[in-house]
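A short write-up of the structure that comes next.
Please treat every number below as a calculation from the coordinates, not as lab data. Source: prediction; values computed, not measured. In this analysis, Cβ positions are derived from the backbone assuming ideal geometry, glycine residues included, and neighbour counts consider all displayed protein chains.
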Amino acid sequence: CTNSTRMPSPRKGKRSTSKSSSRSRSRSRSRSRSRKVLKSPPTAERKTRSPARTKTASPARSKADTPTRGKPQSPARRGRSVERAVTPTRRSARLENKAKDPEFKEPLEALPSMDKSKRVPKTTHREFGGAIGSFFMLFVLPITVYGLNIMCDKKSCKPRKMKIPTDLKLFFDWEAAAIYLGWIAFQAFIYLLPIGRLVKGQPLRSGERLVYRCNGFYAMLISLAAFGGAVYLGYPVKKVHEKFIALITTGTIFSFVMSVLLYIKARRGPNSKLAPGGNTGNVLYDFFIGHELNPRIGSFDLKFFCELRPGLIGWLMINLVFLTEAYQKTGTFPPALTMVVAFQALYVADALWFEDAILTTMDIITDGFGFMLVFGDLVWVPFLYCLQTRFLQEHGDSLPWYCLAGIAILNMVGYTIFRGSNSQKNEFRKNPYNPELAHLETIPTSTGKKLLVSGWWGMCRKPNYFGDILMALSWSLACGSSTPLPYFYPVYFTILLVHREMRDSEHCAKKYKASWDRYCERVKYRICPLVY
């Protein structure tokens, strides 16, 4: 304190003729005033300074503590200098709140400590036969698509020894490539339009919740309008049928190239963005199953885009091509073909209307985006799911009206179960305390969630799968019994859903433990009541 303040000299007054006693009293009063002035600044400094704040004071500000030499400072000014010198720098409260908010994406991604604590562990459990099975699946999937479409042609649609055509133009055509790539670009353009709802996905390992634009239903309507305009203007939409195999080739090449780029992107990205099931370290397995969970280019989510847009809407467009071609040939709409196209259009419209429901599925939450999903979304769905409508367009139908009526009833029963169970599940997830769901029985779990054991979900563990299988069966029944090839879809789809139910059951057993055992005792059947 003595180094920072100088002692002020006593003021000189006029000489007085008073006695020495009065002079001594005057000097003593002047000394006492000087002592008071000297003691006050240190006291103020002790009150304003604290050991913690002294450490944070910057060197630039500490210069203000030293007054100008030879010029004494007033106590008030010295107090202000000390306060300004020791005031610590701090972050804005707004930035602090954003850094703590899990919904604010940028700071969470920038925190290295979060990446270290939320690292994705190495995957130990492998599916589809591990690396060897994944290697064979890279060939089996494309061969299956080619084989079924080559065997089921205009001449015949029965299992037979497949003859590979020698005309290479059948397998690749630049016009077909332009049609396929133009379709992908068209759907990507619609996806980027600022229409539709913005929905937050499930929390990631980092605590972040990605935002998705759900405008798939608008994409379907715009695509239908574009198709209608093309037919009205006389564009030969039947080229899609003529160049069907070439379109499959373009889609297959596009899927392989996209999968390679996705794998390279995942290898260069942070560990926290990897998929829990695709981090084995084996190149073949991770490439097939998907290495990154949610690959994005800016706000463009590649997995969410491919899941429903190009493939599912493309499936509907191909069906309409077959229906239009049949009408142009006969002048009427064949009953069985029209019914199947209508049923599948309802199925596609339902998926796109409830597009946000896919954000809670295994495809988005658990599975990475690799060749399995890329090829499945962009090739398998549009070029295999239309096998029934292609058969009906090329070979006609001969079922009586009462058979078609029974098939229609079966489809609507399946759709009622499918939509009713999904809606009940979605409403319960949004608000478990909804008064409309108060009659449903539940089993509490250690995670705080509840498991439905009544309503649709008391009938079996996956009633939505059961409804899905009934619809798939009805589409194939419309093709009659002359050939088994149109029944590939319900057989494959049943195997797929059984496998998915087993994966989901294993995951729930680890997550809910004893509560899941109680649930399985209460709801014994997995997919089909009284059967499985």
(request) Please order THR280, THR249, THR144, THR447 by the number of other Cβ within 10 Å, starting at the fewest. (result) THR447, THR144, THR280, THR249
(request) Mind giving me the nanometre distance, one decimal, between the label points for TYR492 and GLN202, set 7 Å out from Cα along Cα→Cβ? (result) 2.6
(request) Give me MET137, MET471, MET412 ranked fewest to most by other Cβ atoms within 10 Å of their Cβ, as a rough exposure proxy. (result) MET412, MET137, MET471
(request) For HIS499 and THR124, calculate 0.36 nm times their separation in residues minus their Cα-Cα distance, and state this gained length in nm to one decimal. (result) 133.1 nm
(request) Could you list the residues of segment 463-481 with an amide nitrogen less than 16 Å from a label point located 7 Å from the Cα of ARG522 in the Cα-to-C-beta direction? (result) 463
(request) Would you mind pulling out the separation of the Cα centroids of segment 490-529 and segment 415-487, in Å? (result) 13
(message) Which residues does the label zone of ASN271 cover in segment 358-378, counting backbone N under 19 Å from a point 7 Å along Cα→Cβ?
(response) 368
(request) Sort PHE383, PHE227 so the one with the fewest other Cβ atoms within 10 Å of its own Cβ comes first. (result) PHE227, PHE383
(request) At 7 Å along the Cα-to-beta-carbon direction for both ALA188 and TYR235, put a label point, then send me their distance in nm to one decimal. (result) 1.9
(message) Under the rule a/c < 1.5 gives rounded, and otherwise a/b versus b/c splits prolate from oblate, where does segment 312-448 land using the Cα gyration tensor?
(response) oblate
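Quick one: length gained pulling TYR218 to TYR402 fully straight, 0.36 nm per residue minus the C-alpha distance?
62.7 nm
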(request) Describe numerically, in nm with one decimal, the distance between label points set 7 Å from Cα along Cα→Cβ at LEU530 and at SER482. (result) 3.5
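Rounded, prolate or oblate, given the Cα gyration tensor of segment 132-396, with a/c below 1.5 counting as rounded?
Judged from the Cα gyration tensor, segment 132-396 comes out oblate (a/c at least 1.5, b/c at or above a/b).
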(request) Find out how many positive minus negative residues lie around ASN434, taking Lys and Arg as positive, Asp and Glu as negative, among other residues whose Cβ is under 14 Å from that of ASN434. (result) +2
